[in-house]
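The structure that follows is given in the form of structure tokens.
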Amino acid sequence: MSRANETIRGVVKIGEALELAKQYDVQVVVFIKARDFGSGKCTSGTFPSYARDSMTYLSGPSGNKACVPMFWKSEVMDRFIALFNEIGRRYDSHPNLEVVMEGETTLSKGPGYSNAAYDREMKRLITEGKKALPSTMIVIQMNFYDPDERSLLNHMVDVGGMAFGLPDTVTCRIPDASERNRIAAKYDARNSCGYTISNYKLMREYADKLAITPNAETYDLKWNETEASYRTASEYMLADHFFMQESFCSRVDGGCRNGYVESQLLPTFKRVGNIMHPECPSSFGTCIENDGAIEHVGSGGGGATAEDNGAVIDTRSETPLLLSDSCHLFKSNTYLPPTGFGAVYFPFLTNSPIFIQASCAADEDGAFGVFMDGSSAPGVQYVWDTGYMGTPGGVWEEVPIIGEQIPNNPGWINAEASAASYAYAPTEEIRQQTHLFLAYVCTWYNDTWKCGCRDAACTESFWQLQAFRLQNET
């Protein structure tokens, strides 16, 4: 695990790792890699002797040799589920445990194998694993799964709290040639490596239903291909999380060099920032904390005129959300807006404050306020006079934004002193749910209107999204 330029290496127990994570304010991913790609025919030290009777030695793709568990057998899956149960019993309530990840679903044929048996046992793992870890995201890495892939993914959607993972996030394996070439050319990646992976597309298909959590074996990347892999995960796979693991070196261009973390990984993350979706799609019930089925609004367009007001709403895309411990989700420019939405800070300014805020405390009648604070804007700031509140009941409602009207520009008001209010029955259940608010804000900066920006380039306009939970007091 890493924080800034500090890196912790070595083998530690899960409990020790969680205590370290608490000190460093980072999250822990437990990766159960129950397979061995060596040539020891299941006799290597990877597996204890009592487990070897549950293993089989297989010849996989490209001649890879692998020792894998016979998960299609109920008695073998029982052992694996027991491991999930014990991890859950000890650590599920720990605030720094974020993910438990299963190895991968490939290379799974052997004595007694059938697609039906394997599918049955994998679905049992998902169901029982989630019971064991109700507060922890579980990642299933689906890699060349011979049974019906969508049937397994749909079962994960139904169970909730699950994530669709995939190993080997390498740009050259994107199945769409135009996207593969675009990312490769822009971010210094290979554009061909022998074959493509169709499940990259399947991740895009399920991005509005499951958390998407690919990982990269850094051993498979060129020395300077970290950003390309990161962009492949975020821009093509629509990932919520991205895991980089293994030896943290590169074998592709001249051997395994040392210093991958310091020379490639940390500089890349500092340069590109957090470009992942913040969290899994809460509106589909697949998050750990399910806040209700709110249909999230997608992107709109617009500019600083009444005729082109950004009031077009597109409900095609769903938005992953993760609430922080405080009232607001998006508190500063370290929180990238979800795909399809604009930022509630000025992305073209350093250390920008947020300009869409909520009172976060409902009065006795259930009313609470949302306001635009344009006082910190680098120039004049206008807001369209209609916003949208995502209600706990699961629908979007228009909310008038009140303020000083802009002369000769109907529909626009001065954002420096504007506000919206909304009221409902303030039950404890509703108080704990996620509330969403959309506004369309334009700022005059460098002699041009910048409307609905989500990044410094501001080449597209979006509705700006804020999310919050009510508190008992402001």
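Values quoted throughout were computed directly from the atomic coordinates according to the rules given, and no laboratory measurement underlies them. Here the structure is a predicted model, which means the values were calculated and not measured. Cβ coordinates were reconstructed from backbone atoms using ideal geometry, including for glycine residues, and neighbour counts include every protein chain displayed.
Can you return the lysines within cross-link range of K109? Criterion is Cα-Cα under 21 Å, with same-chain partners fewer than 8 residues away left out.
The reachable lysines, counting only those whose Cα sits under 21 Å from K109, are K33, K41, K65, K73, K123.
Under 12 Å from the Cβ of K222, count the other residues' Cβ atoms, weight Lys and Arg +1, Asp and Glu -1, and hand me the total. Walk me through the numbers before you get to the answer.
Working: positive: R190, R251, R257; negative: D188, D220, E225, E227, D253.
Once positives and negatives cancel, what remains is -2.
Give me Y91, Y206 ranked fewest to most by other Cβ atoms within 10 Å of their Cβ, as a rough exposure proxy. Show your work: numbers first, answer last.
Working: Y91 20, Y206 23.
Ordered from fewest to most neighbouring Cβ atoms within 10 Å, Y91, Y206 come out as Y91, Y206.
When Lys and Arg each count +1 and Asp and Glu each count -1, what net charge do the other residues less than 13 Å away from D92, Cβ to Cβ, add up to? All intermediate terms of the calculation are to be shown ahead of the outcome.
Working: positive: R89, R90, K130, K131; negative: E86, E98.
Within the 13 Å Cβ shell, the charges total +2.
If amide H atoms are built 1.01 Å from N in the plane of the peptide, which residues on other chains or at least 5 residues away come under 5 Å of the amide H of A216?
Correct list: T169, F243, M244, Q245.
Sum up the charges of everything whose Cβ sits under 11 Å from the Cβ of K13, counting Lys and Arg as +1 and Asp and Glu as -1, but leave K13 out. Show your work: numbers first, answer last.
Numbers: positive: R90; negative: E16, E19.
Residues near K13 contribute -1 overall.
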